[in-house]
Number of protein chains: 2
Amino acid sequence: MTPQLLALLKSNPLFQNLNDHALEQVAQAAHRLRKQDGEFFFFQGDPAARVHFVIQGKVKLAQTTGDGQQVLMEYIGPGRVFSIIAMLPKARYPVSSQAVGESEVLYWPREAIVSLNEQYPTLSANMMQLMATQIGEFQNRIRELSTQRVERRIARVLMRLARQTGQRLPDGVLIDLAISRQDLAEMTGTTLFTVSRTLKRWETNGLIESRREHVIIRQPHSLVKIAEESED
Amino acid sequence: MTPQLLALLKSNPLFQNLNDHALEQVAQAAHRLRKQDGEFFFFQGDPAARVHFVIQGKVKLAQTTGDGQQVLMEYIGPGRVFSIIAMLPKARYPVSSQAVGESEVLYWPREAIVSLNEQYPTLSANMMQLMATQIGEFQNRIRELSTQRVERRIARVLMRLARQTGQRLPDGVLIDLAISRQDLAEMTGTTLFTVSRTLKRWETNGLIESRREHVIIRQPHSLVKIAEESED
DNA sequence: CGAGAATTTGAAATTACTCAACTACAGTGG
DNA sequence: CCACTGTAGTTGAGTAATTTCAAATTCTCG
């Protein structure tokens, strides 16, 4: 465990306010794992055995429906935790997790993370914090899917991606993540055709520039306006 | 705190595996609160200060959008916990909670529940369990909203309500909960008109019997078939 | 009975999906 | 360097699902 890694752990909400000894213990118990682009860390339905922490690259969490459709739950970047559910006995992963680009994670087997939680209430408080945040985000997403039209949902996803992985350019914000029309469709609950048409329209109006697998936001302000809930 | 109440607590997943002493402490710290039909325990946006536990009646959790639309997140019945988010410092309630029928709850102020969590790791493990379950349910709901048509979503909600509050009748299952078309619409992300038409169609085909604010499921099997994901 | 709320129903409008055909792009190997 | 191949993206036409709005109807409670 290198000092850089320790620092990365330390800066993560999950390990906030842990004393050095505790952090040491946490680091001790961690395993490292590296995957190539497109490889899976685990599949939906597998018994949930490990809690993961992204060091490098991105991980895509997606749920597949019975008839093969996909729903893209989220992208997890460096310094973020996923599959907390593995803390619980007998749980199964509700999503599959796939490396996007070469990716590296730390993970802890359930037994380890459970015993750490028992030793350090701070850790379990942090974990609850994260879970609560997650619940809040999902509630928002449910609300959006329930009440908002596709165009607005796409705008909101772009804003969110820009916030999470946005790179400032002289003339706009680049979403620094290879993302296809299909991906956007799976994130917003629509089809790639509708996404394509919508992005095209925005491009024509100068709001964005859309390249193959990439989007640059040229007029964030206009996009925000579409993303907001008010009608006018 | 009566023995019945203690028993109710004891039977709840949240308080599972707590020893008697711990349970005693939990009970000590609880406050009781009773509300009339339609009254609110708290409103969306209020600082989240209390964790609640339903003793009697039902509580409706709903989120209101900027433009006044509602999204009904869930109904909470006796023996269930809500607003766990209040464990966290500085959180705000993401939903409003309204009594459905005369209702009674126990609640714990944040300080109390936080200190109980620190004393009893079992309690915090249980709490995480509940939160994880919640996350899983929300993920399912997101998937449904993203990929399924209204008819199927309505069928699924009816099945769920039947499971949660269903009462066996000689000839079917009564959903024992005053529930309007509007409510169903808010639960499934559609309009009351579409709900009305859909229920009417099912009634015509003998799948259900629909009364004002009530639904009786006559042919659970057929409804399950509509609710399932396979196409055919 | 009467008032208000819940529900039904019809018709029109809209949104988004489906499917098929086409175009653009990136990487590969000759 | 270019043809080739596969993937990503675009576009049009037709269709299906769902919403919107207005109006009529039914139910419940006081």
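The values are calculated or read from the model by the stated rules, or taken from the named source; none is laboratory data. Just so it is clear, the model here is predicted, and its values are computed rather than measured. Don't worry about glycine lacking a Cβ; one is built from the backbone with ideal geometry, like all the others, and counts go over all protein chains shown. In case anyone asks, the SASA skips ligands and DNA or RNA and just uses the protein heavy atoms, side chains included. Shrake-Rupley method; radii C 1.70, N 1.55, O 1.52, S 1.80 Å.
GNM on chain B, C-alpha springs below 10 Å: top fluctuator among B:213, B:144, B:118?
B:118
Taking a quarter of the surface of the convex hull around the Cα atoms of chain A, what do you get in nm²?
With the hull built on Cα positions only, its mean projection is 14.0 nm².
Between the range A:7-47 and the range B:189-229, how many Å separate their Cα centres?
About 46 Å separates the Cα centre of the range A:7-47 from the one of the range B:189-229.
How long is the range B:150-227 along each principal axis, judged by its Cα atoms, biggest number first, in Å?
For the range B:150-227, the Cα spread along each principal axis is 32, 23, 19 Å.
Do any residues of the range A:134-161 show a loss of at least 50 square angstrom of accessible area between the isolated chain and the full protein assembly, using a 1.4 Å probe, and if so which?
Residues passing the criterion (a loss of at least 50 Å², heavy atoms only) are A:135, A:138, A:139, A:142, A:143, A:145, A:146, A:147.
Summing Lys, Arg as +1 and Asp, Glu as -1, what charge do residues with Cβ under 11 Å from the Cβ of residue A:165 carry, residue A:165 excluded?
+2
Skip the ligands, DNA and RNA, and give the accessible area per residue of the range B:150-227 with a 1.4 Å probe, whole Å².
On a per-residue basis, the range B:150-227 sits at 52 Å².
At a 1.4 Å probe, what is the % contribution of carbon and sulfur to the accessible area of chain A?
Ligands and nucleic acids excluded, carbon and sulfur reach 49 percent.
In Å², and per residue, what accessible area does the range B:9-53 have when probed at 1.4 Å with the other protein chains present?
55 Å²
Can you spot the aspartates and glutamates whose alpha carbon is less than 18 Å from residue B:10's alpha carbon? Ignore those fewer than 8 places along the same chain.
List returned: B:20, B:24, B:104.
Cross-link candidates for residue A:90: which aspartates and glutamates have Cα within less than 15 Å, leaving aside residues fewer than 8 places away along the same chain?
Cα-Cα hits under 15 Å: A:46, A:111.
Excluding ligands and nucleic acids, what accessible area in Å² is computed for residue A:226 using a 1.4 Å probe, to the nearest 10?
Looks like 40 Å² after rounding.
With every protein chain kept in the model, how would you rank A:96, B:11, B:196 by accessible area, 1.4 Å probe, largest at the top?
Output order, biggest surface exposure first: B:11, B:196, A:96.
By how many degrees, between 0 and 90 and to the nearest 10, does the Cα long axis of helix B:121-147 differ from the longest principal axis of chain B?
Around 20 degrees separate the two axes.
Counting alpha carbon pairs within less than 8 Å and at least 6 residues apart, what relative contact order, in whole percent, applies to the range B:1-122?
Relative contact order, the range B:1-122: 35 percent.
Using only Cα atoms, tell me the angle between helix A:20-29 and the longest principal axis of chain A; keep it within 0 to 90° and round to the nearest 10.
Relative to chain A, helix A:20-29 is tipped by roughly 80 degrees.
So, taking all protein chains as they sit and a 1.4 Å probe, how much accessible area belongs to residue B:209, in Å² rounded to tens?
Its heavy atoms expose roughly 40 Å² to the probe.
Nearest 100 Å² is fine: what is the total accessible surface buried where chains A and B meet, probe 1.4 Å?
In total, this chain pair buries about 3300 Å².
Sorted from shortest, what are the nm distances separating the label point of residue A:136 from equivalent points in the other copies, each placed 7 Å from Cα along Cα to C-beta?
Taking the point 7 Å beyond Cα along Cα→Cβ, the inter-copy spacings are 2.5 nm.
Please state the relative contact order of chain B as a whole percent: Cα pairs under 8 Å, 6+ residues apart?
18 percent
What lysines does residue A:200 reach when the alpha-carbon gap must be under 19 Å and sequence neighbours fewer than 8 apart in one chain are set aside?
A:225
Need one value for B:59-72: mean number of C-beta atoms belonging to other chains within 10 Å of its residues' C-beta atoms.
For this peptide, the per-residue mean of nearby foreign Cβ atoms is 3.
Distances from residue B:205 to the same residue in each other copy, label points 7 Å out along Cα→Cβ, in nm, shortest first?
4.0
Rank B:71, B:157, B:105 by mean-square fluctuation in a GNM of chain B with C-alpha springs under 10 angstrom and give only the top-ranked residue.
Fluctuation is largest for B:157.
Expressed as a whole number of Å, what is the distance separating the alpha-carbon centroids of the range A:50-86 and the range A:92-124?
Rounded to whole Å, the Cα centres lie 12 Å apart.
For helix B:192-204, what angle does its Cα long axis make with the longest principal axis of chain B, in degrees from 0 to 90 and rounded to 10?
60 degrees
Could you sort B:225, B:35 by their accessible area in this structure, using a 1.4 Å probe and putting the largest first?
B:225, B:35
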